[in-house]
Amino acid sequence: MFRTTLARLLAHRLRLVLTSLAIVLGVGFIAGTFVLTDTIDAGFSREFAADADKVDVVVTPGKAADDDGNLPESALAAIKAVPGVKDAQPVVNGDAPLIGKDGKVVGDVPTAGVSIPPSRIKIVSGRAPSTAGEAVLDKDTAKAQKFAPGATIAVLDHAGKRREFRLVGIFDVGIDQGLAARGAVAFTPGSALRVTGATGFTEIDVISSGPSPESLRTAVAAAAGGAKVVTGRERADEVARSNHADTGYLRLGLLLFGAVALLVAGLVIYNTFTILVAQRMREMALLRCIGATKRQVFGSIVLESAVVGLLSSALGLLTGLGLGAAAVAVMRAIGTDVPTGAVRLSPQTIAVGLCTGVVVTMAAALLPARQATRVPPVAALRTQVEEHTFRAGVVRVVAAALFVLAGAALTAAGVLQKPGQAALLTVMAGGVLVFFAVLILGPVIVRPLSGLAGWVPARLFGVPGRLAVDNSRRNPKRAATTTVALTIGVTLMTFMSVLTATVRATTAEQLDQQFPADYFLQAQTGEIPRSVADTLRASRDLSAVTEFRAAEAKVNGRDYRVGTVTQTTIATAIRPETSSGTLDGFGGNEVAVADDAARDLGVTVGDTVTVTGRPGGRSTTLKVVAVLKADGSLLPPFTMAEQAFERQFGRVDDARILVNAADGVAPAKARKVVDEATAAYPAVKVGSTTELRGQFDEAIDSILMVVTGLLALAIVISLLGIANTLSLSVHERTRESALLRALGLTRPQLRGMLSIEALILGLVGAIVGVVLGIVYGWAATATFAAHVAFRLPAGQILLFIAASGLAGVLAAVLPSRRAARASVVGALAAS
């Protein structure tokens, strides 16, 4: 049987090419994921090892930390006095907002202000700072802001005062992703302490004058007074382990998409072997006639799948190596700050790829192999393959009904429970059960759906169209298995489209609610001086200026943020949404409480709360007059009237300002007024809801593009399944096609018939996928918040359906050409 199986494979090498391609792509994606993340890990490890070689001992705060979590300056002197210490270099890390050429601070978060030891700083242009008036800038920020060595740069110190430095160099932040995200200005240690206001050092790097790192570590630990002391190599290993956890998330995310691709590939393999077993019924029966046992027949199919899986997995590993190398090349080309090592296949990747491919292939072939053992020897006497009829059994219907009920119950439970992660997971679990029900009921629903999808083609294309509809319905199990692979991809694509459209609309509504103004002002560091609002309010080009202030306090003994808002703008410029009570006539010793804070304290409208300023401030009793909905609200947990807030906390500057332009004033003119009012305050940044919405839309579009690209692999594999099914069906229906040709069907009509059949299969898969995607897209968004603005992206969904049908037609090109080229006489004679 072993030789028979191998001979059968060699005799029909091309028959399983498409099946192999499905596994090649699936394993290639898995292997490519490991190659990419292994290469990144190797790059980080190399960088960590290089840094470890420059430092013998590293001291971090540990138990010696001061109130701000830093090493005190006295620790530096104590460490320098340890015998065997050649040098001790402090590291400072804080905030030093860089002022751009437009006069405003750079970025959404403050630029980091650091001091980096000379042995570790990587200067790419110029030199390291050596005096108090010198600084260097990270290369990405320097490029974005167009700064070069020799220029004068300005930063804001911890007190908000402008300080200027001469830029003497550009440096590379290397593997520090925190500095890469924020941008960094590096100073001498003394300047870094003065600018950032840091009370000490985040780290001290020690260089040995001779003793080994281990012995020096012991000596330094004795002098460091409770600080954590490790060797440079140990520190590098700690950071490397932390980074490995970060790449682990990337690997897990990509592997989830790889698992989807392999699931689709498994369905393609199952369908292929099912068709092959049906076509080789006489062959199996002949083997049984000459003495082959059921176990041998079963083993031959499983062996065939193992050989296909092994060869496909090997090719998949090579494909994965190529994909990983391509991803690394793209990362290097676009200049990412992520280090990379040599691209290679690790033993772990090879083992995972081979095992995954072989196991998936063999598992998918088990049911067809079991079906092969049921072929009776008398089948060898039949002259043609028996056409199997499908009947929905009681077990199938009952099992599907149980899955549907359980899935629907879980989905309803997730939608009805409190929005959050648990609700989302419940909905997803319900979706999985419903999908299993669809998988079980596939042969039952494919007949009516084929009729629906083929209604228009049957009338447009005449006889070929009607024949195509009949062919798509003649073997429901085969058609269902073929289309369900495409259904998975379309379901996920539709789900993501509904999700992103709804999130986009909901966020737009929340932005309109949170920022019900033309412009909003916020300080990157500190607060906004009240003079800014006074200047804005004096302009006739602006209709409303709303100030928000806040302070930390204790409410009924618990820590909360308490604030106030310009009272004249309540119900005009801003409209807080209440759960109970009212803000009409809000003032005096009254307070509005956010609903989540009200639940925490167990207070309702009419109750009183005691607000105490910290530390040891005066206490004020306030009456709760309204409970506000916290979702989408700009107000703090507790909102007091302006005068009461000022009596309690004194004169507090603004945390945020909203500005509305007057009717008839051009946006450009209003923006100029706002910019001029904030020009003297670099930390105060001006934004608009239009800009904010544009940034959010850009982020959503990027996520959707990435997910679409990753899901495209599963869709490609499913199309290979359609092409494979049609190709094998063409071989199975050779005599039938020849008879149709003999009865007058032309070659173009035969090609059209097969193309329409593929079109119908693609549309059936798309219809089921779209329905599932819409339902669970809605259910998932319902778990995000209590109120969502559901949106159905009809245009995108219609595009998915049309693309699925077109893709099915494209998948039928080669099988239909092969069928049309077959000789009528030869086919009839061979049959």
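A short reminder: the numbers here are calculations on the coordinates, not readings from a lab. Keep in mind it's a predicted model, so treat the numbers as computed, not measured. Please note: Cβ atoms are built from the backbone with ideal geometry, for glycine as well, and neighbour counts cover all protein chains shown.
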Residue-span extension gain [Arg295 to Lys54] - 0.36 nm each, minus C-alpha spacing: 80.2 nm
Read-out P(r) over Cα pairs in 20 Å bins from 0, in percent, derived from the coordinates shown; its label in [x] 12, 32, 31, 19, 5, 0; [y] 13, 35, 26, 16, 7, 3, 0; [z] 12, 23, 27, 24, 12, 2, 0: [x]
Region 688-705-region 258-328 distance, computed between alpha-carbon centres (Å): 45 Å
Under 14 Å from the Cα of Lys86 - aspartates and glutamates, other chains or at least 8 residues apart: Asp56, Asp205
Sites Lys418 and Ala505, calculated FRET efficiency, Cβ-Cβ separation with R0 25 Å, nearest 0.05: 0.70
Charge dipole magnitude, Cβ of K and R +1, D and E -1 - the chain, Cα centre, debye nearest 20: 4420 debye
DSSP-defined beta bridges in the chain - what % are antiparallel, rounded to 5: 80 percent
Formal net charge of residues neighbouring Phe790 (Cβ-Cβ distance under 12 Å; K, R +1; D, E -1): +1
Relative packing of 774-781, 689-696, 20-27, which averages over residues the other C-beta atoms within 10 Å, highest first: 20-27, 774-781, 689-696
24 Å Cα-Cα reach of Lys623 towards lysines, excluding residues that sit fewer than 8 places from it in its own chain: Lys554
FRET efficiency, 1/(1 + (r/R0)^6) with R0 60 Å, evaluated for Arg166 and Leu402 via beta carbons: 0.20
Mean separation of Cα contacts under 8 Å, 6 or more apart, over the residue count of the chain: relative contact order %: 17 percent
Cross-link pairs Lys63/Lys685; Lys139/Lys685; Lys101/Lys122; Lys54/Lys101 - those with Cα-Cα distance over 31 Å: Lys63/Lys685; Lys54/Lys101
Leu692-Ala712 pseudo-label distance in nm [points 7 Å out on the Cα-to-Cβ vector]: 3.4 nm
Lys629 versus Ala148: modelled label distance in nm, points set 7 Å from Cα along the beta carbon direction: 5.5 nm
In region 427-494, the chymotrypsin sites (Phe, Trp or Tyr not before Pro) that fall in loop regions by DSSP, at most 10 other Cβ within 10 Å: none
Helix runs (DSSP H) in the chain reaching 20 Å along axis by Cα, Kyte-Doolittle at least 1.6: 394-416, 421-453, 794-811
Cβ-defined net charge surrounding Val498, 12 Å radius [Lys, Arg +1; Asp, Glu -1]: +2
Karplus-derived HN-Hα couplings along region 601-612 (A = 6.51, B = -1.76, C = 1.60, θ = phi - 60°), whole Hz, x at Gly and Pro: 8, x, 10, 9, 4, x, 6, 10, 10, 10, 9, 10
Extension gain (nm, one decimal) between Leu252 and Arg537, 0.36 nm per residue minus Cα-Cα: 97.3 nm
Global form of region 17-116, assessed from the alpha-carbon gyration tensor, a/c cut-off 1.5: oblate
Cβ-derived FRET efficiency at R0 60 Å, Ala786 paired with Val124, nearest 0.05: 0.75
Region 584-643-region 397-429 distance, computed between alpha-carbon centres (Å): 38 Å
Inter-site label distance for Thr578 and Arg459 at 7 Å from Cα along Cβ, in nm: 5.8 nm
Contour minus Cα-Cα distance for Ala333 and Ala666 (0.36 nm per residue): 115.6 nm
Mean ellipticity per residue at 222 nm, deg cm²/dmol - from DSSP H runs of n ≥ 4 across the chain, formula -39500 (n - 2.57): -20000 deg cm²/dmol
At most 15 other Cβ within 10 Å, DSSP loop - trypsin sites (Lys or Arg not before Pro), region 144-220: Lys146, Lys161
Reduced Cα scattering model of region 504-651, Debye log10 I(q)/I(0), q = 0.09 Å⁻¹: -0.28
